[in-house]
Amino acid sequence: MATAEVPASEPTDSSPAEPDPSSTVPDPEASGTVDDETASADGTAHPLGPIVASLDDAVDRAWDHLRGNPALDRLFYTASELGDFSLIWHLLGTARGVTLRGGTREAARLALALGAESALVNGMVKSAFKRERPVQSGERPHNLRQPLTSSFPSGHASAAFLAATLLSERSKVKPLWFGLAAIVATSRIHVRIHHASDVIVGAGIGLTLGRLIRRAAPLR
């Protein structure tokens, strides 16, 4: 008996279509390029470039050996907390205003300078940069306020070195003021709220502002 020939099946609309190579969107991570938004979210974007970001990572890894030491944790967490809103500098300025002859003018100058510094750094400068703060894994050994502003630059560092520059003008213990400023500034690296370059740039801003104010409003 002759067998009926079965016709070949016609392709239907439900068959999967071949992808069009021209319509494929390249994956930025696969091609080795990451846009600015992704880089910022990962904490790698930096206003001064990727080299400085790499140095920040190296400093953080090296500093990690000091974290977890009870004495250092207590020192740096306390210094960082006292640096909030420039509390320590306002207290020291007030103390000098009460105890020193002519200290009232010095205390007033410091308070006004810290207010101007905060408006400049925490308001104008930080708003121009959108840098993520360091990532903290695990719980902190002590409670600490977590700022919501940009990481770059460090307001703690700028306020500390501005205050040290002004407080040391009539002081015989200048290294003490700058040593205290260095502890407050570097505490932000220890507690992982700022990158190293944030602190360095902040300290430079504070020193510059302090010298300008000393010239514009000298105590003598």
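Read-outs throughout are calculated quantities, based only on the coordinates presented, and are distinct from any laboratory measurement. None of the values given here were measured: they were computed from a predicted structure. Every residue, glycine as well, gets a Cβ built from its backbone with ideal geometry; the counts of neighbours run over all protein chains shown.
About the Cα centre, and with charges only on the beta carbon of Lys, Arg (+1) and Asp, Glu (-1), how big is the dipole of segment 84-220? Nearest 20 debye, please.
440 debye
Please state the shape class of segment 88-211: rounded when a/c is under 1.5, otherwise prolate if a/b exceeds b/c and oblate if not, all from the C-alpha gyration tensor.
prolate
Can you bin segment 141-220 into rounded, prolate or oblate? Criterion: square roots of the alpha carbon gyration tensor eigenvalues sorted a ≥ b ≥ c, rounded for a/c under 1.5, prolate for a/b above b/c, oblate for the rest.
Prolate is the answer for segment 141-220, as a/c is 1.5 or above and a/b outweighs b/c.
Using alpha carbons only, how many angstrom separate the centre of segment 165-191 from the centre of segment 198-213?
12 Å
Sorting check: for 71-80, 137-146, which peptide has the highest mean count of neighbouring beta carbons within 10 Å, and how do the rest follow?
71-80, 137-146
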